[in-house]
1. Identify which of 46, 156, 118 has the largest mean-square fluctuation in a Gaussian network model of the chain, with springs joining Cα atoms closer than 10 Å.
2. Rounded, prolate or oblate: which fits region 107-180 when a ≥ b ≥ c are the square roots of the eigenvalues of the alpha-carbon gyration tensor, with rounded for a/c under 1.5 and prolate only if a/b beats b/c?
3. With an 8 Å cut-off on Cα pairs and a minimum separation of 6 or more residues, tell me the relative contact order of the chain in percent.
4. For region 305-447, what is the charge dipole size about the Cα centre, in debye to the nearest 20, if Lys and Arg each add +1 at the Cβ and Asp and Glu each add -1 at the Cβ?
5. Output the relative contact order of region 341-411, whole-number percent, from Cα pairs under 8 angstrom with separation of 6+ residues.
6. With a probe of 1.4 Å, find how much accessible area the chain has per residue, and write the answer as a whole number in Å².
7. In whole percent, and with a 1.4 Å probe on the protein chains, what portion of the accessible area of the chain is carbon and sulfur?
8. What number comes out for the charge environment of residue 188, summing +1 per Lys or Arg and -1 per Asp or Glu over other residues with Cβ under 13 Å away?
Amino acid sequence: RTFWAFSFRDNRLAFQIVAFDSSGVIVGEWYRPGSRYLDEIQIDQDSRSIVFVGQSAKTVSISFEDILSTMSPTISPRPSALPTITPPTMSTPYSVVKVTKSSVPMTPEGLKITTWPDVSSRTIPVLKWEGETFWAFSFIDNRFAFQIVSFNSFGDIVREWFKPGARYLDEIKINTSTGEVVFVGQSEFTVSLSFEEILTPSTIAPTVSPTKRPPPSSTSSLYSVLGVAKSSVPTTPEDLKLSTSPNFSSSTIPVLKWQDGTVFWAFSFRDNRLAFQIVAFNSNGNIIGEWYRPGARYLDEIRVDDAAEEVIFVGQSQFTVSLSFQEILKTVGPTYSVVDVAKSSVPMTPANLKISTSPNTFASTIPVLKWQDETFWAFSFRDNRNAFQIVSFDENGSMVREWYRPGARYLDVIEVDESAEEVVFVGQGGFQVKLTFIEIENETSPP
(Lines give C-alpha, C1' and ligand atoms only; values in the text may rest on other atoms or scores of the structure.)
Protein backbone atom coordinates (compact mmCIF):
# COMPACT_ATOMS: atom_id res chain seq x y z
CA ARG A 1 0.00 0.00 0.00
CA THR A 2 1.13 3.54 -0.74
CA PHE A 3 -0.60 6.42 1.02
CA TRP A 4 -0.72 9.84 -0.65
CA ALA A 5 -1.82 13.12 1.04
CA PHE A 6 -3.71 15.20 -1.51
CA SER A 7 -4.63 18.87 -1.03
CA PHE A 8 -7.77 20.36 -2.54
CA ARG A 9 -7.98 22.63 -5.57
CA ASP A 10 -10.21 25.03 -3.62
CA ASN A 11 -7.39 25.31 -1.02
CA ARG A 12 -9.60 24.31 1.91
CA LEU A 13 -7.74 23.45 5.11
CA ALA A 14 -7.91 19.68 4.63
CA PHE A 15 -6.12 16.62 3.24
CA GLN A 16 -7.67 13.73 1.32
CA ILE A 17 -5.53 10.70 2.23
CA VAL A 18 -5.71 8.12 -0.55
CA ALA A 19 -4.33 4.57 -0.42
CA PHE A 20 -3.25 2.80 -3.64
CA ASP A 21 -2.37 -0.86 -3.96
CA SER A 22 0.62 -2.12 -5.96
CA SER A 23 -1.47 -2.04 -9.15
CA GLY A 24 -2.34 1.64 -8.71
CA VAL A 25 -5.93 0.94 -7.69
CA ILE A 26 -7.47 3.09 -4.94
CA VAL A 27 -8.28 0.90 -1.93
CA GLY A 28 -9.04 3.48 0.75
CA GLU A 29 -9.66 7.20 1.36
CA TRP A 30 -9.97 9.47 4.37
CA TYR A 31 -11.05 13.12 4.52
CA ARG A 32 -8.99 14.89 7.22
CA PRO A 33 -9.73 18.61 7.88
CA GLY A 34 -7.18 20.67 9.78
CA SER A 35 -4.10 20.88 7.55
CA ARG A 36 -3.03 21.25 3.91
CA TYR A 37 0.08 21.40 1.63
CA LEU A 38 2.21 18.47 2.80
CA ASP A 39 5.56 19.05 4.46
CA GLU A 40 6.41 15.64 5.98
CA ILE A 41 4.96 12.38 7.26
CA GLN A 42 5.75 11.10 10.76
CA ILE A 43 5.03 7.74 12.38
CA ASP A 44 3.88 7.87 16.00
CA GLN A 45 4.33 4.40 17.43
CA ASP A 46 2.93 5.40 20.84
CA SER A 47 -0.43 6.52 19.50
CA ARG A 48 -0.36 3.97 16.66
CA SER A 49 -0.97 6.61 14.03
CA ILE A 50 0.54 8.22 10.92
CA VAL A 51 0.87 12.00 11.21
CA PHE A 52 0.71 14.19 8.11
CA VAL A 53 2.40 17.56 8.75
CA GLY A 54 1.29 20.44 6.51
CA GLN A 55 1.63 24.20 6.17
CA SER A 56 2.53 26.03 9.40
CA ALA A 57 3.15 22.64 11.11
CA LYS A 58 -0.59 21.88 11.28
CA THR A 59 -1.24 18.13 11.43
CA VAL A 60 -3.85 15.46 10.72
CA SER A 61 -3.53 11.72 11.27
CA ILE A 62 -4.85 8.28 10.39
CA SER A 63 -4.60 5.31 12.73
CA PHE A 64 -2.89 1.98 12.15
CA GLU A 65 -6.38 0.46 12.32
CA ASP A 66 -7.48 2.66 9.39
CA ILE A 67 -4.52 1.40 7.39
CA LEU A 68 -5.04 -2.25 8.29
CA SER A 69 -8.68 -2.02 7.25
CA THR A 70 -7.58 -1.47 3.63
CA MET A 71 -5.79 -4.79 3.69
CA SER A 72 -8.82 -6.76 4.79
CA PRO A 73 -10.20 -9.23 2.22
CA THR A 74 -13.65 -7.74 2.82
CA ILE A 75 -12.56 -4.56 1.09
CA SER A 76 -13.38 -4.52 -2.60
CA PRO A 77 -10.92 -2.42 -4.56
CA ARG A 78 -12.60 0.46 -6.39
CA PRO A 79 -11.59 1.48 -9.91
CA SER A 80 -9.26 4.47 -9.91
CA ALA A 81 -11.50 6.10 -12.52
CA LEU A 82 -14.31 6.42 -9.98
CA PRO A 83 -12.79 7.53 -6.69
CA THR A 84 -15.18 8.49 -3.92
CA ILE A 85 -14.06 11.77 -2.37
CA THR A 86 -15.71 12.52 0.92
CA PRO A 87 -17.58 15.78 0.36
CA PRO A 88 -17.08 18.66 2.77
CA THR A 89 -19.95 19.30 5.15
CA MET A 90 -20.95 22.62 6.72
CA SER A 91 -19.87 21.32 10.14
CA THR A 92 -16.24 20.73 9.14
CA PRO A 93 -14.94 24.10 7.88
CA TYR A 94 -15.57 26.16 11.03
CA SER A 95 -15.35 26.20 14.80
CA VAL A 96 -15.71 28.79 17.56
CA VAL A 97 -12.90 28.75 20.11
CA LYS A 98 -11.71 30.97 22.94
CA VAL A 99 -8.22 32.39 22.63
CA THR A 100 -6.17 34.84 24.66
CA LYS A 101 -6.66 38.45 23.68
CA SER A 102 -2.89 38.83 23.53
CA SER A 103 -2.71 36.25 20.72
CA VAL A 104 -4.28 38.62 18.19
CA PRO A 105 -1.86 38.95 15.24
CA MET A 106 -2.31 42.72 15.21
CA THR A 107 -4.84 45.37 16.25
CA PRO A 108 -5.69 47.69 13.34
CA GLU A 109 -5.65 51.44 13.93
CA GLY A 110 -8.70 52.79 15.74
CA LEU A 111 -9.78 49.37 17.00
CA LYS A 112 -9.55 47.45 20.27
CA ILE A 113 -10.44 44.05 21.70
CA THR A 114 -13.21 44.33 24.27
CA THR A 115 -15.37 41.62 25.84
CA TRP A 116 -18.67 41.80 27.68
CA PRO A 117 -19.83 41.49 30.44
CA ASP A 118 -16.34 40.61 31.75
CA VAL A 119 -14.30 43.43 30.24
CA SER A 120 -11.21 42.26 32.14
CA SER A 121 -11.35 38.75 30.66
CA ARG A 122 -8.04 37.57 29.22
CA THR A 123 -9.83 35.53 26.53
CA ILE A 124 -12.19 36.25 23.64
CA PRO A 125 -14.12 33.98 21.24
CA VAL A 126 -12.96 33.83 17.62
CA LEU A 127 -14.29 32.07 14.54
CA LYS A 128 -11.97 29.67 12.76
CA TRP A 129 -12.97 28.90 9.19
CA GLU A 130 -10.59 26.68 7.23
CA GLY A 131 -7.36 28.73 6.98
CA GLU A 132 -8.73 31.98 8.41
CA THR A 133 -9.40 33.26 11.94
CA PHE A 134 -12.09 35.95 12.36
CA TRP A 135 -11.81 38.49 15.21
CA ALA A 136 -14.59 40.89 16.23
CA PHE A 137 -12.94 44.21 17.12
CA SER A 138 -14.70 47.07 18.89
CA PHE A 139 -13.78 50.71 18.24
CA ILE A 140 -11.59 52.93 20.41
CA ASP A 141 -14.26 55.64 20.23
CA ASN A 142 -16.89 53.14 21.50
CA ARG A 143 -19.16 53.51 18.50
CA PHE A 144 -21.96 50.94 18.27
CA ALA A 145 -20.28 48.65 15.74
CA PHE A 146 -17.92 45.74 15.19
CA GLN A 147 -15.10 45.55 12.68
CA ILE A 148 -14.80 41.87 11.75
CA VAL A 149 -11.25 41.13 10.60
CA SER A 150 -9.95 37.82 9.26
CA PHE A 151 -6.30 36.77 9.49
CA ASN A 152 -4.57 33.93 7.66
CA SER A 153 -2.26 31.43 9.36
CA PHE A 154 0.67 33.84 8.94
CA GLY A 155 -1.13 36.65 10.80
CA ASP A 156 -1.82 38.72 7.69
CA ILE A 157 -5.16 40.53 7.30
CA VAL A 158 -7.20 38.87 4.57
CA ARG A 159 -10.60 40.58 4.73
CA GLU A 160 -12.68 43.03 6.80
CA TRP A 161 -16.34 43.88 7.33
CA PHE A 162 -17.81 46.91 9.11
CA LYS A 163 -20.94 45.74 11.01
CA PRO A 164 -22.89 48.42 12.90
CA GLY A 165 -25.42 47.34 15.52
CA ALA A 166 -23.43 45.80 18.39
CA ARG A 167 -20.15 46.21 20.30
CA TYR A 168 -18.06 44.58 23.07
CA LEU A 169 -18.10 40.86 22.19
CA ASP A 170 -19.86 38.36 24.45
CA GLU A 171 -20.08 35.24 22.27
CA ILE A 172 -20.13 33.92 18.72
CA LYS A 173 -22.92 31.62 17.53
CA ILE A 174 -23.28 29.58 14.34
CA ASN A 175 -26.79 29.47 12.88
CA THR A 176 -26.72 26.70 10.28
CA SER A 177 -30.42 27.09 9.46
CA THR A 178 -29.95 30.71 8.32
CA GLY A 179 -26.39 30.19 7.14
CA GLU A 180 -24.77 32.91 9.20
CA VAL A 181 -22.33 33.57 12.01
CA VAL A 182 -23.83 35.71 14.79
CA PHE A 183 -21.61 37.99 16.90
CA VAL A 184 -23.36 38.77 20.21
CA GLY A 185 -22.30 41.94 21.99
CA GLN A 186 -23.26 44.09 24.97
CA SER A 187 -26.92 43.77 26.08
CA GLU A 188 -27.44 40.88 23.60
CA PHE A 189 -27.26 43.13 20.53
CA THR A 190 -26.05 41.20 17.50
CA VAL A 191 -24.53 41.54 14.06
CA SER A 192 -24.04 38.70 11.60
CA LEU A 193 -21.76 37.54 8.82
CA SER A 194 -23.33 35.21 6.26
CA PHE A 195 -21.70 31.99 5.08
CA GLU A 196 -21.91 33.51 1.59
CA GLU A 197 -19.82 36.52 2.66
CA ILE A 198 -17.22 34.22 4.22
CA LEU A 199 -17.11 31.82 1.27
CA THR A 200 -16.83 34.61 -1.31
CA PRO A 201 -13.09 34.83 -1.99
CA SER A 202 -11.70 38.33 -2.03
CA THR A 203 -8.71 40.16 -0.63
CA ILE A 204 -10.86 42.73 1.11
CA ALA A 205 -14.57 42.25 1.67
CA PRO A 206 -16.60 44.65 -0.45
CA THR A 207 -18.51 45.99 2.56
CA VAL A 208 -15.50 47.90 3.82
CA SER A 209 -11.79 48.29 3.25
CA PRO A 210 -9.07 49.39 5.67
CA THR A 211 -8.77 52.74 3.92
CA LYS A 212 -12.52 53.27 4.10
CA ARG A 213 -12.98 52.32 7.73
CA PRO A 214 -15.03 55.02 9.46
CA PRO A 215 -12.42 57.20 11.17
CA PRO A 216 -12.39 56.79 14.95
CA SER A 217 -12.13 59.72 17.29
CA SER A 218 -8.61 60.38 18.52
CA THR A 219 -7.95 58.51 21.73
CA SER A 220 -6.28 61.63 23.05
CA SER A 221 -9.71 63.24 23.25
CA LEU A 222 -10.50 60.77 26.03
CA TYR A 223 -7.76 61.87 28.39
CA SER A 224 -4.98 64.30 29.21
CA VAL A 225 -1.87 64.01 31.38
CA LEU A 226 -1.36 67.11 33.49
CA GLY A 227 1.11 68.40 36.04
CA VAL A 228 -0.79 69.64 39.10
CA ALA A 229 0.12 70.87 42.56
CA LYS A 230 0.48 68.07 45.08
CA SER A 231 -1.55 70.22 47.46
CA SER A 232 -4.56 70.07 45.10
CA VAL A 233 -5.22 66.37 45.83
CA PRO A 234 -8.81 66.03 47.12
CA THR A 235 -7.71 63.76 49.98
CA THR A 236 -4.79 61.49 50.85
CA PRO A 237 -6.03 58.06 51.99
CA GLU A 238 -4.59 56.56 55.16
CA ASP A 239 -1.05 55.08 54.92
CA LEU A 240 -0.45 56.77 51.55
CA LYS A 241 1.59 59.75 50.42
CA LEU A 242 2.40 61.70 47.27
CA SER A 243 6.05 61.20 46.31
CA THR A 244 7.87 62.06 43.10
CA SER A 245 11.16 60.88 41.66
CA PRO A 246 13.88 61.88 41.00
CA ASN A 247 12.85 65.28 42.45
CA PHE A 248 11.31 64.36 45.80
CA SER A 249 10.89 68.05 46.72
CA SER A 250 8.85 68.89 43.62
CA SER A 251 5.61 70.72 44.42
CA THR A 252 3.86 69.19 41.39
CA ILE A 253 2.97 65.67 40.29
CA PRO A 254 1.56 64.24 37.05
CA VAL A 255 -2.07 63.01 37.02
CA LEU A 256 -4.29 61.45 34.38
CA LYS A 257 -7.55 63.31 33.69
CA TRP A 258 -10.31 61.44 31.83
CA GLN A 259 -12.83 63.27 29.65
CA ASP A 260 -15.63 62.97 32.23
CA GLY A 261 -13.55 64.86 34.81
CA THR A 262 -12.28 61.79 36.69
CA VAL A 263 -8.68 62.30 37.87
CA PHE A 264 -6.31 59.40 38.56
CA TRP A 265 -3.57 59.92 41.18
CA ALA A 266 -0.64 57.55 41.82
CA PHE A 267 0.03 57.41 45.57
CA SER A 268 3.11 55.82 47.11
CA PHE A 269 3.03 54.10 50.51
CA ARG A 270 4.28 55.55 53.80
CA ASP A 271 6.12 52.29 54.51
CA ASN A 272 7.97 52.79 51.18
CA ARG A 273 7.00 49.42 49.73
CA LEU A 274 7.57 48.96 46.00
CA ALA A 275 3.98 49.66 44.96
CA PHE A 276 1.56 52.34 43.84
CA GLN A 277 -2.03 52.80 44.94
CA ILE A 278 -3.86 54.33 41.98
CA VAL A 279 -6.87 56.30 43.19
CA ALA A 280 -9.63 57.79 40.98
CA PHE A 281 -11.52 60.89 42.12
CA ASN A 282 -14.66 62.19 40.41
CA SER A 283 -15.26 65.87 39.70
CA ASN A 284 -16.67 66.29 43.22
CA GLY A 285 -13.48 64.98 44.81
CA ASN A 286 -15.01 61.65 45.88
CA ILE A 287 -13.05 58.40 45.53
CA ILE A 288 -14.73 56.18 42.91
CA GLY A 289 -12.02 53.59 42.27
CA GLU A 290 -8.71 52.22 43.57
CA TRP A 291 -6.09 49.77 42.26
CA TYR A 292 -3.10 48.31 44.10
CA ARG A 293 -0.15 47.97 41.70
CA PRO A 294 3.06 46.42 43.05
CA GLY A 295 6.26 46.93 41.06
CA ALA A 296 7.04 50.66 41.19
CA ARG A 297 6.98 53.66 43.59
CA TYR A 298 7.68 57.43 43.73
CA LEU A 299 6.06 58.76 40.53
CA ASP A 300 8.23 60.19 37.76
CA GLU A 301 5.82 60.42 34.80
CA ILE A 302 2.60 59.06 33.29
CA ARG A 303 2.55 57.71 29.73
CA VAL A 304 -0.39 56.54 27.65
CA ASP A 305 0.06 53.65 25.23
CA ASP A 306 -2.85 53.95 22.78
CA ALA A 307 -1.89 50.77 20.91
CA ALA A 308 -1.87 48.64 24.07
CA GLU A 309 -4.77 50.64 25.55
CA GLU A 310 -3.13 51.19 28.88
CA VAL A 311 -1.81 53.95 31.11
CA ILE A 312 1.75 53.46 32.35
CA PHE A 313 2.88 54.93 35.67
CA VAL A 314 6.67 55.32 35.65
CA GLY A 315 8.36 55.41 39.05
CA GLN A 316 11.83 55.55 40.55
CA SER A 317 14.57 53.97 38.40
CA GLN A 318 12.06 53.66 35.53
CA PHE A 319 10.11 50.83 37.16
CA THR A 320 6.56 50.79 35.81
CA VAL A 321 3.03 49.61 36.55
CA SER A 322 -0.02 49.99 34.31
CA LEU A 323 -3.78 50.45 34.31
CA SER A 324 -5.79 49.32 31.29
CA PHE A 325 -8.37 51.44 29.50
CA GLN A 326 -10.89 48.69 30.27
CA GLU A 327 -10.29 49.10 34.01
CA ILE A 328 -10.65 52.84 33.67
CA LEU A 329 -13.85 52.62 31.62
CA LYS A 330 -15.42 50.34 34.23
CA THR A 331 -14.89 53.19 36.70
CA VAL A 332 -15.75 56.29 34.71
CA GLY A 333 -18.84 54.85 32.99
CA PRO A 334 -20.84 56.82 30.42
CA THR A 335 -19.77 60.45 30.20
CA TYR A 336 -23.19 62.10 30.40
CA SER A 337 -23.93 65.28 32.31
CA VAL A 338 -26.96 67.55 32.61
CA VAL A 339 -26.38 71.27 33.09
CA ASP A 340 -28.55 74.38 33.12
CA VAL A 341 -27.58 76.95 30.49
CA ALA A 342 -28.99 80.28 29.35
CA LYS A 343 -31.72 79.91 26.73
CA SER A 344 -29.97 82.65 24.79
CA SER A 345 -26.83 80.48 24.46
CA VAL A 346 -28.48 78.14 21.98
CA PRO A 347 -26.29 78.00 18.84
CA MET A 348 -29.35 78.29 16.59
CA THR A 349 -33.07 77.62 16.64
CA PRO A 350 -34.19 75.53 13.65
CA ALA A 351 -37.26 76.63 11.67
CA ASN A 352 -40.66 75.96 13.30
CA LEU A 353 -39.05 75.25 16.69
CA LYS A 354 -38.74 77.21 19.93
CA ILE A 355 -37.22 76.87 23.40
CA SER A 356 -39.92 76.52 26.04
CA THR A 357 -39.76 75.44 29.68
CA SER A 358 -42.38 74.24 32.14
CA PRO A 359 -43.74 75.02 34.65
CA ASN A 360 -41.78 78.31 34.56
CA THR A 361 -42.19 79.47 31.00
CA PHE A 362 -40.29 82.69 31.80
CA ALA A 363 -37.16 80.94 33.10
CA SER A 364 -33.97 82.30 31.54
CA THR A 365 -32.27 78.89 31.69
CA ILE A 366 -32.98 75.43 30.33
CA PRO A 367 -31.38 72.02 31.03
CA VAL A 368 -29.24 70.46 28.28
CA LEU A 369 -27.46 67.12 27.99
CA LYS A 370 -23.71 67.04 27.39
CA TRP A 371 -21.99 63.95 25.95
CA GLN A 372 -18.41 64.03 24.67
CA ASP A 373 -18.22 67.12 22.44
CA GLU A 374 -21.98 67.30 21.74
CA THR A 375 -24.73 69.26 23.51
CA PHE A 376 -28.33 68.07 23.19
CA TRP A 377 -31.20 70.58 23.28
CA ALA A 378 -34.89 69.68 23.57
CA PHE A 379 -36.87 72.07 21.35
CA SER A 380 -40.64 72.43 21.43
CA PHE A 381 -42.69 73.24 18.33
CA ARG A 382 -44.15 76.62 17.42
CA ASP A 383 -47.49 74.95 16.65
CA ASN A 384 -47.44 73.58 20.25
CA ARG A 385 -47.80 69.94 19.20
CA ASN A 386 -47.10 67.39 21.94
CA ALA A 387 -43.57 66.58 20.80
CA PHE A 388 -39.91 67.43 21.25
CA GLN A 389 -37.27 67.80 18.57
CA ILE A 390 -33.98 66.74 20.19
CA VAL A 391 -31.08 68.45 18.41
CA SER A 392 -27.36 68.01 19.10
CA PHE A 393 -24.71 70.66 18.38
CA ASP A 394 -20.92 70.25 18.35
CA GLU A 395 -18.40 72.53 20.07
CA ASN A 396 -18.50 74.91 17.11
CA GLY A 397 -22.28 75.28 17.30
CA SER A 398 -22.92 73.22 14.17
CA MET A 399 -25.93 70.93 14.12
CA VAL A 400 -24.89 67.27 14.24
CA ARG A 401 -28.01 65.14 14.69
CA GLU A 402 -31.69 65.32 15.59
CA TRP A 403 -34.57 63.10 16.69
CA TYR A 404 -38.33 63.69 16.59
CA ARG A 405 -39.95 62.46 19.83
CA PRO A 406 -43.74 62.75 20.18
CA GLY A 407 -45.27 62.46 23.65
CA ALA A 408 -44.11 65.50 25.62
CA ARG A 409 -43.44 69.27 25.24
CA TYR A 410 -42.14 72.32 27.17
CA LEU A 411 -39.06 70.98 28.96
CA ASP A 412 -38.91 70.71 32.75
CA VAL A 413 -35.95 68.45 33.56
CA ILE A 414 -33.53 65.99 31.94
CA GLU A 415 -32.69 62.78 33.83
CA VAL A 416 -29.97 60.23 33.04
CA ASP A 417 -31.04 56.67 33.92
CA GLU A 418 -27.79 54.68 34.05
CA SER A 419 -29.52 51.35 34.82
CA ALA A 420 -31.90 51.61 31.85
CA GLU A 421 -29.18 53.23 29.70
CA GLU A 422 -31.39 56.06 28.55
CA VAL A 423 -31.88 59.82 28.88
CA VAL A 424 -35.35 60.98 29.92
CA PHE A 425 -36.70 64.38 28.81
CA VAL A 426 -39.52 65.38 31.18
CA GLY A 427 -41.97 67.98 29.96
CA GLN A 428 -45.20 69.69 31.00
CA GLY A 429 -47.39 67.59 33.29
CA GLY A 430 -44.63 65.02 33.83
CA PHE A 431 -44.94 63.59 30.31
CA GLN A 432 -41.72 62.05 29.06
CA VAL A 433 -39.80 61.06 25.95
CA LYS A 434 -36.53 59.14 25.89
CA LEU A 435 -33.28 58.83 23.99
CA THR A 436 -31.26 55.66 24.57
CA PHE A 437 -27.52 55.54 25.15
CA ILE A 438 -27.32 53.38 22.05
CA GLU A 439 -28.93 56.07 19.91
CA ILE A 440 -26.60 58.70 21.32
CA GLU A 441 -23.41 56.63 21.12
CA ASN A 442 -24.22 55.27 17.64
CA GLU A 443 -23.25 58.73 16.37
CA THR A 444 -25.48 58.51 13.29
CA SER A 445 -28.37 60.67 12.25
CA PRO A 446 -31.74 58.89 12.41
CA PRO A 447 -34.14 58.95 9.44
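The values are calculated or read from the model by the stated rules, or taken from the named source; none is laboratory data. The shown structure was predicted, so the numbers you read here are calculated from the model rather than taken from an experiment. Cβ atoms come from the backbone with ideal geometry, glycine included; neighbour counts cover every protein chain shown. Side chains included, ligands, DNA and RNA excluded: accessible areas come from the protein's heavy atoms. Shrake-Rupley method; radii C 1.70, N 1.55, O 1.52, S 1.80 Å.
1. It is 46.
2. rounded
3. 7
4. Around 1000 debye, computed over region 305-447.
5. Numbers: 130 pairs, mean separation 20.5, N = 71.
Taking the mean separation of contacting Cα pairs over the length of region 341-411, I get 29 percent.
6. On the way: 22050 Å² over 447 residues.
Computed with neighbouring chains in place, this is 49 Å² per residue.
7. Accessible surface attributable to carbon and sulfur in the chain totals 50 percent.
8. Once positives and negatives cancel, what remains is -1.
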